[in-house]
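The values are calculated or read from the model by the stated rules, or taken from the named source; none is laboratory data. Only a predicted model underlies this, so the values are computations on that prediction, with no experimental measurement involved. Using ideal geometry, Cβ is built from the backbone for each residue, glycine included, and neighbour counts are taken over all protein chains shown. Calculation scope for accessible area: heavy atoms of the full protein, side chains included, ligands and nucleic acids excluded. Shrake-Rupley method; radii C 1.70, N 1.55, O 1.52, S 1.80 Å.
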Amino acid sequence: MTIAPQIVQAADDVGPNTGSVYYGDYTNDTAPLIRVSLGDQAAAGTSLVIADSGQTLAQTTLTAAQVSQGYAEVAVSGLGDAWHLLTATLKAPDGSTLAASPSFALGVATALPAAPVIVSADDNFGAVTGSLHDGARTDDATPTLHVTEAGLPAPPTGSPGHAPYGGPALLSGTVQLYENGHLVGSATLSYGGEVTITPGALSAGDHVLTAVAIDRAGNVSAPSDSFHLTIGADPVAAPAQPTEGDDMLTASAGMRDIFALAGNDTLVGAQVSDTLRGGQGDDSITGGGAYNEINGNQGQDTIVGRSQVGDSLMGGQGEDLIDARASAGHDSINGNMGDDAIWAGSAGAVLWGGQGDDVIHGGTGSDWLSGDRGQNTVWGGAGADVFHGMAQGQTRVMDFNAAEGDRVQIDPGVGWHVSQQGDDTLISLDGGGQLVLAGVQSASLSGAWIFQG
């Protein structure tokens, strides 16, 4: 029985990961050393040819010493970022083929992954639980961090079949979480690029968390933006009444209405319906699980909605962040004045940008979204969304999808005109307002995709 040659491994000498690379894996070395087990047809003077999908990369004449040891190592070069199917072929001095190896799949990836994003954290301990934003305070010493990494395919809706030789370099790569420069946790990347990491117990005090992504070739991304958490007791209702300073106030059955004054205040809702209003400072307001009426008022406020039944959330007069992604109820959200950033929850929401230049993200439900005045950028998210066009203001819709049931609503009595502007559909409204459907061909739209009411 004839024993054919076989490519055993590639040797990677480009950091940070060096060493042996086996079939179906990645390297960031574009000129690896290929080790070939020669089989029983090799002899001194025989040629060994390394090819990539039939194209010769390197050729060497075997020596008696190589034949005696049973293997040869051949340097190749110029491998680009892609999958390569390498073969090793033995040829006699007259050029005839003696034996050939099966293909050896080798992935090459030299580009650095994108920096990951620490989206939020979860507090799973104590009387106050839920989603935590950057800069939040929590009594949970082991909060769960939600991290996303771009560049991975979405989860398959059915059987994914066999990904080519193990998929892209990021698939089965790693996200590492660091706290003040020390590794505190990691997770393996899969479809969609979303992972959760729970670090070991963090000490009381302030913590700066960052994340990096590492693909299977060993390429390391730049660090993520910092995510700040303070570990300590949850805010308590002290002082019992607001002051002109920086207060930490928690609503309760006995104090359902909190109206903050000056200062940068922290307000936390209860598991009963309550009203939480900030004052003149930059306030942090987190609703409870019941209905919350929240108004940031003046200042640059951060508002977090996490109701199970729905909230009324208003930014107020500053440049506010309103995050209702933890909400499971139908919310009414209004950025009001200022350049605001808004995220909706999962149950559908009514979303108004207000008077500034706003960024609005719908959730997974069927949302109603209006950029209102200013220069606005809007994503509807999943679900059948309605995008509202105003006679004043300009809104760019980034993910209009008629197949999901998305529609455009125009106010009664306002005329409009639809045209194609490059890759986008432009809806021009009487009064100067515009609604742009990014990447949508107007000729593809039919039926009741636009209505007045």
## Note on the structure
Note: Ala391 to His228 extended length (0.36 nm per residue) minus current alpha-carbon separation gives 54.6 nm
## Note on the structure
Beyond 16 Å, the calculated P(r) of region 221-291 holds a percent of Cα-Cα pairs equal to 49 percent
## Note on the structure
the chain accessible area per residue, 1.4 Å probe, protein heavy atoms, integer Å², reads 43 Å²
### Query
Roughly what % of Cα-Cα distances in region 49-97 sit above 12 Å, to the whole percent?
68 percent
### Task
Report the label-to-label distance for Ser190 and Thr243 in nanometres (one decimal), using points 7 Å from each Cα along the Cα→Cβ vector.
5.0 nm
### Query
What dipole magnitude, in Debye to the nearest 20, does the chain give about its Cα centre under +1 on Lys/Arg Cβ and -1 on Asp/Glu Cβ?
1560 debye
### Query
For region 1-133, what is the convex hull volume of the alpha-carbon atoms per residue, in Å³?
159 Å³
### Accessible-area composition of region 316-453, carbon plus sulfur, in percent [1.4 Å probe]
49 percent
### Message
So the label point goes 7 Å from the Cα of Thr30 along Cα→C-beta, right? Which residues of region 89-113 then have their backbone N under 11 Å from it?
### Response
109-111
### Query
Under 5 Å between amide H atoms, partner at least 5 residues away or on a different chain: which partners does His361 have, H built in plane at 1.01 Å?
Ile342, Trp343, Ala344, Trp379
## Note on the structure
Output row, site Ser446, 7 Å Cα→C-beta label point, backbone N cut-off 18 Å, window region 370-408, residues 401-408
### Query
What's the local net charge at Asp29, with K and R +1, D and E -1, over the other residues with C-beta under 11 Å away?
-2
### Message
Return the equivalent ellipsoid semi-axes of region 358-441 as a descending list in whole Å, where each equals the square root of 5 times an eigenvalue of the C-alpha gyration tensor.
### Response
19, 14, 12
### Message
How many angstrom lie between the Cα centre of region 309-357 and the Cα centre of region 18-82?
### Response
60 Å
### Task
Work out the length of the dipole vector of region 361-428 about its Cα centre, built from +1 on the beta-carbon of each Lys and Arg and -1 on the beta-carbon of each Asp and Glu, and round it to the nearest 20 debye.
180 debye
### Message
Given the DSSP H assignment, sum -39500 (n - 2.57) over each helix run of at least 4 residues in the chain and divide by its residue total; what's the result at 222 nm in deg cm²/dmol, nearest 500?
### Response
-500 deg cm²/dmol
### Cα principal axis extents for region 339-402, largest first, Å
26, 22, 16
### Task
Please work out the FRET efficiency for the pair Leu426 and Ala382, using the Cβ-Cβ distance as r and a Förster radius of 35 Å; give the result to the nearest 0.05.
0.90
### Query
To the nearest 0.05, how large is the calculated FRET efficiency for Ser332 and Ala111 if R₀ is 56 Å and r is the Cβ-Cβ distance?
0.80
### Message
Let me cross-check Glu149: its accessible surface, 1.4 Å probe, with only protein heavy atoms counted, in Å² to the nearest 10?
### Response
10 Å²
### Query
So what does Ser120 come to for accessible area, using a 1.4 Å probe and Å² rounded to 10?
20 Å²
### Task
Please give the peptides 356-368, 247-259, 199-211, 30-42 ranked by average Cβ packing (other Cβ atoms within 10 Å per residue), highest first, as a rough proxy for protection.
356-368, 30-42, 247-259, 199-211
### Query
³J(HN,Hα) across region 302-313 via Karplus (A = 6.51, B = -1.76, C = 1.60, θ = phi - 60°), whole Hz, x for Gly/Pro?
10, 10, 10, x, 9, 6, 8, 10, x, 10, 10, 10
### Summary
In the chain the DSSP beta bridges are antiparallel at a rate, in percent to nearest 5, of 55 percent
## Note on the structure
Sequence order, region 428-442: Karplus ³J(HN,Hα) from phi using 6.51 cos²θ - 1.76 cosθ + 1.60, θ = phi - 60°, Hz rounded, Gly and Pro as x, gives 9, 10, 4, x, x, x, 9, 10, 10, 9, 5, x, 10, 8, 4
### Task
Provide the gained length on full extension for the span Asp40 to Thr198, in nm with one decimal, where the gain is 0.36 nm per separating residue minus the Cα-Cα distance.
51.6 nm
